[in-house]
Amino acid sequence: MSTLTTQQKSQIDKLWTEFWTGGITNPLTVIEQISFLMFARLLDVMETTAERRAARTRKPFNGRFEGKNDPRRWANFRQEKGDRMLKVVRDQVFPHFRDLDGGTTFAESMKDAQLMIQKPSLLVEAVNMIDALPITDGDAKGDLYEYLLSKLTTAGINGQFRTPRHVIRFMVELLEPKPTEVIGDPACGTAGFLVGVMEYLLKTYTSEEGKLVGDDGATVYSGDLLEPYRRHIQDEMFHGFDFDATMLRIASMNLMLHGVDDPAIHYQDTLSNSFPERFAAQASEGFDVILANPPFKGSLDAGDVHPSLTRTVKTKKTELLFLALVLRMLVLGGRSATIVPDGVLFGSSKAHKSLRRHLVQDNQLEAVISLPSGVFKPYAGVSTAILVFTKGGTTDKVFFYDVQADGFSLDDKRNPVKENDLPDALKRWRKRKKGRYEDRTKKHFMVPVKEIEEVGFDLSINRYKEVVYEAVEYEAPKVIIRKLRALEKEIAEDLAELEGML
C-alpha cells in the first residue's frame, strides 16, 4: 500500500512538469536529476543523525562534511538565492558526490554525473519540493521512488522495463534469500530486485523488540538480527550489472537510500566476452541467488556474445541467452527466479527446445508461474512467466500456477483491485511438497517430469491444465421467437401512445 498522499503525488507531478517546461524532457534524466537532489538531502539528514548520536555518546565519527556550516549541506544551500544555489550545487555538491568514501562502485557510477539543470528558478523549485517530500521514511522513500519510476511509461530501446514492486516482493519470497548469501542481477536496471532482497531481510530478521513505530504509525523494521552479517551485506552481498549508465546511477542511489552503503553496481553487458574477463568471480559460479527480469528484445552484437552461452543455446534471442547466463552465474545448488516471455515456454525452434531440455534434464526446474498479460502495462502487454530453478540436481515434479490477477487492474491505469492470486500462489508453493496438487482444473498443480519430456519439454501451463466446460441450456427457438414478438408488440403500442400525445 503506497504511503504517498494524493497531495504528495501531485507535488511530484508538478515537479515533473517543471522539469519538462525547463527543457529537460527525457524521463530518465528527470528521475536521475531528482535522485541526485534526494541524495543530497539524505546525506545531510544522515550527517545530522550521526552528529546527534556522537553528541549523545561522546564518541567521534567520520563525517561526510566539514561541520554544520559546510555550504554543500542541503540545509545550507537550500536557503540560497537561485543563482548562488545553482553555483554551489554545480561546482561544490556534485564534485563532492564523486569524492565520497562510498567505495569504488559509487565513484564509478557517479564519475560522469553532472547537474543538467541550467535554470536557477527550476533548481529552487525542485529543491523546495524535494524538501517537502517524506524521503526520510523508509517505506515512503520506496514509494516515492516507485512513483518516480512509474513515469517511465515506455520500454527502453533495449527492451528493459520496470518490474512492479509487488511482483519483485513475490519473487523474493519464493526464494527466501539468507543474509549469508551472495545475490546478483545480470540486468539490474534501477536495482529493484536487490532493493527487494534488502527489504525482505530487514523484515525477516527483525526481532519483536526491534520493531519500531514510524511517524505515520506504520511498523519500521530495524533488522536488528542482521548485525552479525552487516559487513557481508554492505560489502559483498549485492551485485548488479547493466549497460545503461543512467540506470546504474539510479540503481546505486536506490540501494544506498535503502541502507546498502557500497553495492557492487557495475557498467557491463553481461552477455559479452568482456564480462568473464572483467568480473571472473561473478561471471561463473559466483552467486547463490539470482533474481532477474532480463530484456526480451534489443540490439545484440552476436559476435560479442561469450561462446560459453552460445554453446549452451545457439541463438541470438536475448531471453534465451540470459537464461543460459543465469545458469552459468549460479553456484551449484544456487537458485533463481527469472521472468521470461511466454515464447520461452513453448517456442518450437531448436534453440527454445534445447534450452528447456537443459533446464529440465541438467538442472532442477521447480516452478512455472504464469503471470497475466497486463502485469507490465503501461510498458508492454506481453505475457510472461516466472521460472524458478536450481542449478544442478534433478527435476522430479514441476509446480505450475496460473496467476490470473495480481491485485491491480490489467489495463494501462493499473488501479488496485481486490482480486489477487499472488498470496495464494506463495502459500501453495510453500506447501507443494506436502500437498497432492493433482487436480488440474485448479489454478495450481504439479506435473511429473516424465510427462513434460513426452511433450517436447513444453512448459506452457495450458498444455497441462484441464478446462471444465459448463453446459448452458437455452430455451427452444420457438419460445425465444414468441417472446421477441411479444416484446415487439409492446414497443409498437408504446410508440403509438407517444405519437398520440404529440
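The values are calculated or read from the model by the stated rules, or taken from the named source; none is laboratory data. As the structure is a prediction and not an experimental result, all values here were calculated from the model. Note that we place each Cβ from the backbone using ideal geometry, even for glycine, and neighbour counts take in every protein chain shown.
State whether one or more residues within region 395-405 are assigned by TED's automatic domain parsing to the domain that holds Glu285, touching a residue at least 40 places away in the same chain (Cβ under 8 Å) and of a type in the set (Lys, Arg).
For region 395-405, residues assigned by TED's automatic domain parsing to the domain that holds Glu285, touching a residue at least 40 places away in the same chain (Cβ under 8 Å) and of a type in the set (Lys, Arg): present.
In region 161-204, which residues are on the phi < 0 side of the Ramachandran plot, among the acidic types (Asp, Glu) and free of Cβ contacts under 8 Å to residues at least 60 places away in the same chain?
Across region 161-204, the qualifying residue is only Glu199.
Residues of region 63-80 being without any contact (Cβ under 8 Å) to a residue 12 or more places away in the chain and either in the same structural domain as Asp261 (by TED's automatic domain parsing) or in a loop (DSSP other than H, G, I, E, B) (or both), which ones?
Hits for region 63-80 are Glu66, Gly67, Asn69, Asp70, Gln79, Glu80.
Just for region 452-502: of the residues that are under 18 Å from Leu387 (Cα atoms) and charged (D, E, K, R), which one is surrounded by the most Cβ atoms within 10 Å (Cβ to Cβ)?
Asp458
Out of Arg58, Arg41, which single residue is of a type outside the set (A, V, I, L, M) and surrounded by 15 or more Cβ atoms within 10 Å (Cβ to Cβ)?
Details: Arg58 fails: surrounded by 15 or more Cβ atoms within 10 Å (Cβ to Cβ).
Being of a type outside the set (A, V, I, L, M) and surrounded by 15 or more Cβ atoms within 10 Å (Cβ to Cβ) holds for just one of Arg58, Arg41, which is Arg41.
Would you check if Asp301 is over 24 Å from Val403 (Cβ atoms), at pLDDT 95 or above and not hydrophobic (A, V, I, L, M, F, W, C)?
Taking the combined requirement at face value, the residue does not satisfy it.
Do you know which of the residues in region 179-194 that are touching a Pro at 6+ places or on another chain (Cβ under 8 Å) and under 9 Å from Leu291 (Cβ atoms) is surrounded by the most Cβ atoms within 10 Å (Cβ to Cβ)?
Within region 179-194, the match that is surrounded by the most Cβ atoms within 10 Å (Cβ to Cβ) is Leu194.
Suppose we filter region 222-245 for residues that are surrounded by fewer than 20 Cβ atoms within 10 Å (Cβ to Cβ) and either in contact with an Asp or Glu (Cβ under 8 Å, 6 or more places away or on another chain) or among the basic types (Lys, Arg) (or both); how many remain?
So the answer is 7.
Is it true that Ile481 is without any contact (Cβ under 8 Å) to a residue 40 or more places away in the chain and either β-branched (Val, Ile, Thr) or not in a helix (DSSP H, G or I) (or both)?
Yes; evaluated as a whole, the condition is true for this residue.
From the set of residues in region 304-338 that are more than 21 Å from the chain's Cα centre (by Cα) and of a type in the set (Lys, Arg), which is nearest to Ala281 (Cα to Cα)?
Arg328
Residue by residue, here is whether (1) touching a strand residue (DSSP E or B) at 6+ places or on another chain (Cβ under 8 Å); (2) surrounded by fewer than 24 Cβ atoms within 10 Å (Cβ to Cβ); (3) of a type in the set (A, V, I, L, M, F, W, C); (4) without any contact (Cβ under 8 Å) to a residue 24 or more places away in the chain holds:
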residue: Val305; (1), (2), (3), (4): yes, yes, yes, no
residue: Arg311; (1), (2), (3), (4): no, yes, no, yes
residue: Thr318; (1), (2), (3), (4): no, yes, no, no
residue: Leu330; (1), (2), (3), (4): yes, no, yes, no
residue: Pro341; (1), (2), (3), (4): yes, yes, no, no
